[in-house]
1. Can you tell me the order of 180-186, 9-15, 169-175 when each peptide is scored by its average per-residue count of other Cβ atoms within 10 angstrom, highest first?
2. For segment 1-62, what size does the Cα cloud have along each of its three principal axes, sorted from largest down, in whole Å?
3. Can you check what the net charge comes to around Val41, using other residues whose Cβ is under 9 Å from the Cβ of Val41 (Lys, Arg +1; Asp, Glu -1)?
4. Carbon and sulfur: what percent of segment 1-92's accessible surface (1.4 Å probe)?
5. Keeping all protein chains in the complex and leaving out DNA, RNA and ligands, what accessible area do you get for Lys164 with a 1.4 Å probe, in Å² to the nearest 10?
Amino acid sequence: MDIIVKGRHTSVSDRFRELAVSKLTKLERYDSKLIRIDVEVSSENNRQSAQRERVELTVHSRGPVIRAEASAEDRFAALDIALDKLEERLRRLRDRRKSYHANLRRAPAPAPSAPPAEQPAESATAEAPPQWTEEQGQEADEESIVPIPMEGEGPLVVREKFHKAAPMTVDQALFEMELVGHDFYLFRDKDTGVPSVVYKRRGYNYGVLRLIEE
């Protein structure tokens, strides 16, 4: 597993780099197939801010991308907070996989008197999780700053990202949204093929937006 530590508009000391590598290496106990962990450190210009140091952690594996981030007065504290969040999400993913395999073991075997027939995916006792390739399991590194023409003051500058993912159910999209710690998640619905977005509402409610052409 590779651990890449970098600073965004700030330098990173060898002490922080060594501590981050030492702590993140232990995450392999949750998943032996981890490929890479990216650690990005950034600083606020406002030195009076109580949360001026920010650490973002991104885990790449053969499954979904998992993220955690935190801000604190110093980057060492921010690393610990982000690491706690990341461990919790890795535990949830591990438990979900265990539950899936346990359901498979409990599935009844076909009657011996009848030849086994192929069943549609909908009739399976436990829905198989999406199959990711190594490339699909990682968010594409291609990222660029894109100027968008606009009238008046501008142009507006936004960041563009490309995300590769296999089609999935709403339930899986909600789970992956929690893994990356976002308030929304873009995906293609496995059943309908429609581009969709799940998002958090107030309380513990969620919503789904579907993109339908006119």
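1. 169-175, 180-186, 9-15
2. Computed over segment 1-62, the largest-to-smallest principal extents equal 41, 21, 18 Å.
3. Taking every other residue near Val41 into account, the sum is +1.
4. Its accessible area is 40 percent carbon and sulfur atoms.
5. Ignoring ligands and nucleic acids, Lys164 comes out at about 100 Å².
The values are calculated or read from the model by the stated rules, or taken from the named source; none is laboratory data. Small disclaimer: the values here were computed from a predicted structure and weren't measured. Cβ atoms come from the backbone with ideal geometry, glycine included; neighbour counts cover every protein chain shown. SASA here: full protein model, heavy atoms, side chains in, ligands and nucleic acids out. Shrake-Rupley method; radii C 1.70, N 1.55, O 1.52, S 1.80 Å.
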